[in-house]
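Report on the following structure.
Only the coordinates and a few stated rules stand behind these numbers; no lab work does. The model shown is predicted, which means the values in this text are computed figures rather than measured ones. Cβ placement follows ideal geometry from the backbone for every residue including glycine, while neighbour counts extend to all protein chains displayed.
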Amino acid sequence: MAIKDITLGQYYPGDSVVHKLDPRTKLIGTILFLVSLFVVKNFTGFLFCGICLAILVKISGVPFKYMARGLKAVMFLIVFTAIINLFMTPGDPIWRFGILKIAREGIYRACFMAIRLVMLIFGSSLLTLTTKPVALTDGMERLLSPLSKIGLPSHELAMMMTIALRFIPTLLDETDKIMKAQTARGADFESGNLLQRAKGLIPLLVPLFVSAFRIAADLAMAMEARCYRGGDGRTRMNGMAFHNCDRIAAVILVLYFAAVIAIGKLPVF
Amino acid sequence: MSKETVIQLKDVTFSYYVEDAEGNVTTNNDVDVKHSEKRMALDGVTLDIEKGSFVAIVGSNGSGKSTLAKHLNALLLPSSGEALVCGMSTADPDNTWEIRRRCGMVFQNPDNQLVSSVVEDDVAFGPENLGVDPAEIRKRVDNALNAVGMYEFRKKGPHLLSGGQKQRIAIAGVLAMQPECIVFDEPTAMLDPSGRAEILKIIRGLHEEGKTVILITHFMEEAAQADRIIVMDKGRPILDEAPAALFAHGEKLQELNLQMPFGASMAAKLRDLGVDLPEGIITAERLAECLCR
């Protein structure tokens, strides 16, 4: 069945250093990179960030086409932001048409924002492309675990994500089954305008919801039968350990961040 | 009795109130209705299960066999009476986790009992919950996966496996907790014949290794492999015998809508026609053997 062949998340299998880094290193690295994009004040800074990102992508072996796919979904957002910035930034107008005017500062800001957004997307998709979803949730759990002392349910959050990932294919199967059953009884999911189609989804969504609850009840019982009682006193089979490459990555990260700040201080355009 | 008992049920009852279509439980101000809506899923069950035995529990839908199974590892607590697992009462919350470790359970739906999207992580789930040392977990997971013949699938996602394979992973998950007793709650009900045969072979293997096995099923052919069959009806065990003796009362089973295994029912029919056959024939193979003699 085709619906079973889906890959979870958008992991791009590979054997590069980037793939092998501890998920925690990658998570922190990604966050730092995203922050650095907001620290950057000029185009020279972006050029530097861009070159670093390009090198990283090259090392990871993820084809550029793959990375660019992530852009498609947010293309509208990028264009929209650019246009708003283009027209709405006050400054000395170089072009006027009725109430619309474009200022020099507007062009500058529009490009600035577009580049920032594109790099944000590239940076974060590099993380999800090179890290398995399971490793990612594990990494998040460990990174957040110190916060559980102040009441953040880090284990529960990670467990929820793990279960969500596990049950995506199961629920897809279920959707497929319900869809076929309802089609056999004359339900129509394919024709009509947007509103009619949305209405057509009700006979699909209601049974899907009910069955999701049933699955949840079953799973909860199975988990209890296997002695699950929350995160306290739990051990993990695959412990995580920082390796040499993680240490090197940490040093590079610090240097990178320092460089970004330094470039921000330079008196260039 | 000289043999050690693993599970002891003493006059266990389990009752619940039925909800009407609006989800309301009939309340106290109408006492009569309340009584009529109270259902007894288990109605005074008393039985002992010996260590190392292979017990099948059969019965038609609604006979209480699944409810009974859930009493064996404290998923449900008796409304009255007492359930003892390895001498510990399920009613005491302090015992709950030790009972669940010692008495593992495999459920009917292979999809709804796997937790992780990687097979070996799922098998590790039980021992992880018990706080076992990581190196020891690794060893247990490998052993459990080998025991069910799924070692080469350890890195796969469960959604890529067949129903029978998923059920084998579920069994491995229970084995990794090193239980003394495993309850199988209709483990083959959602599987195809080949998956069913696989699971049954593993169950028999576990019994031979000395684990106590309790198999809830409505396939008589499967129950026939046990050394003791308990037939449930309306929340009570009504027959409790070795398979050969049980299949001697064919009419009684018929009344309960339970189908005899092919070998046993054929032997009974042939005996009625005057064919001289020894007692205790259960399987078709044994029947053929006796007929050829």
* To do: Quick one: give the max-minus-min coordinate of the C-alpha atoms of chain A along each principal axis, largest first, in Å.
  => 65, 56, 38
* Could you give the Stokes-Einstein D for segment B:109-214 in µm² per second, using the C-alpha Kirkwood radius, 10 °C, 1.306 mPa s? -> 116 µm²/s
* Structure fact -> Phi-derived 3J(HN,Hα) across segment B:99-113 with the Karplus relation (6.51, -1.76, 1.60, θ = phi - 60°), rounded Hz, x for Gly and Pro, is 5, 5, 6, 6, 10, x, 9, 10, 9, 6, 8, x, 6, 8, 10
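Counting only other chains, what is the mean number of Cβ atoms within 10 angstrom of the Cβ of each residue in peptide A:231-242?
Other-chain Cβ atoms within 10 Å of each residue's Cβ, averaged: 5.
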* Net +/- balance of residues flanking A:LEU86 in space, Cβ distance below 13 Å, scoring K and R +1, D and E -1 -> +2
* To do: With springs connecting C-alpha atoms under 10 Å apart, model chain B as a Gaussian network and identify which of B:LYS211, B:LYS156, B:LYS269 has the largest mean-square fluctuation.
  => B:LYS269
* Roughly what percent of Cα-Cα pairs across segment B:149-293 reach past 20 Å? -> 56 percent
* To do: Can you put B:THR46, A:THR131 in order of Cβ neighbours within 10 angstrom, beginning with the fewest?
  => B:THR46, A:THR131
* Percentage relative contact order, segment A:150-225, counting C-alpha pairs under 8 Å, at least six apart -> 29 percent
* Asked: How far, in degrees from 0 to 90, does helix A:104-130 lean away from the longest principal axis of the Cα atoms of chain A, to the nearest 10?
  -> 40 degrees
* To do: Within 10 Å of each residue's Cβ, count the other Cβ atoms and sort A:VAL62, B:VAL12, B:VAL123, A:VAL251 from fewest upward.
  => A:VAL251, A:VAL62, B:VAL12, B:VAL123
* **Estimated translational D of segment A:4-122 in µm²/s (Stokes, Kirkwood radius over Cα pairs; 37 °C; 0.692 mPa s)** => 198 µm²/s
* Which value results when the Cα radius of gyration for segment B:63-129 is divided by 2.2 N^0.38 Å? -> 1.26
* Asked: In whole Å, what is the distance between the alpha-carbon centres of segment A:35-67 and segment A:205-269?
  -> 23 Å
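Remind me, relative contact order of chain B in percent, using alpha carbon pairs under 8 angstrom and six or more residues apart?
In percent, rounded to a whole number, it is 21.
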* Asked: Where both partners of a DSSP beta bridge lie in chain B, what percent of those bridges are antiparallel, to the nearest 5?
  -> 60 percent
* Asked: What is the mean number of Cβ atoms from other protein chains located within 10 Å of the Cβ atom of each residue in peptide B:116-122, rounded to a whole number?
  -> 6
* Structure fact -> Computed over all unlike Cα pairs, the Kirkwood hydrodynamic radius of chain B in Å stands at 20.6 Å
* Structure fact -> Here the relative contact order (percent) of segment B:137-221, from C-alpha pairs under 8 Å and at least 6 apart, is 31 percent
* Asked: According to the Cα gyration tensor, what semi-axes, each the square root of 5 times an eigenvalue, does the equivalent ellipsoid of segment A:129-263 have, listed from largest to smallest in whole Å?
  -> 41, 24, 13
* To do: Treating the Cα atoms of segment A:207-269 as identical point scatterers in vacuum, please give the log10 of the normalised Debye intensity I(q)/I(0) at q = 0.26 Å⁻¹, two decimals.
  => -1.05
* To do: Within 10 Å of each residue's Cβ, count the other Cβ atoms and sort B:LYS201, A:LYS26 from fewest upward.
  => B:LYS201, A:LYS26
* What does the convex hull of the alpha-carbon atoms of segment B:35-90 project to on average, in nm²? -> 4.6 nm²
* 5 angstrom amide H check on B:CYS86, placed H, neighbours 5+ away -> B:ILE7, B:GLN8
* To do: Measure nothing fancy, just the Cα-based angle from helix A:154-184's long axis to the longest principal axis of chain A, in degrees from 0 to 90, nearest 10.
  => 70 degrees
* Hey, which of these cross-link pairs are over 27 Å Cα-Cα: A:LYS58/B:LYS166; B:LYS65/B:LYS252; B:LYS70/B:LYS139? -> A:LYS58/B:LYS166; B:LYS70/B:LYS139
* Share of Cα-Cα pairs in segment A:150-225 beyond 18 Å, in percent? -> 55 percent
* Residues whose placed amide H lies under 5 Å from that of B:PHE184, excluding near-sequence neighbours -> B:VAL106, B:ILE214, B:LEU215, B:ILE216
* Obtain the radius of gyration and the Kirkwood radius of the protein assembly as shown from its C-alpha atoms and give Rg over Rh. => 1.10
* Give me the angle, in degrees from 0 to 90, between the Cα long axis of helix A:23-39 and the longest principal axis of the Cα atoms of chain A, rounded to the nearest 10. => 40 degrees
* Select from A:ASP138, A:ASP22, A:ASP218 the residue whose mean-square fluctuation is largest in a Gaussian network model of chain A (Cα-Cα springs shorter than 10 Å). => A:ASP218
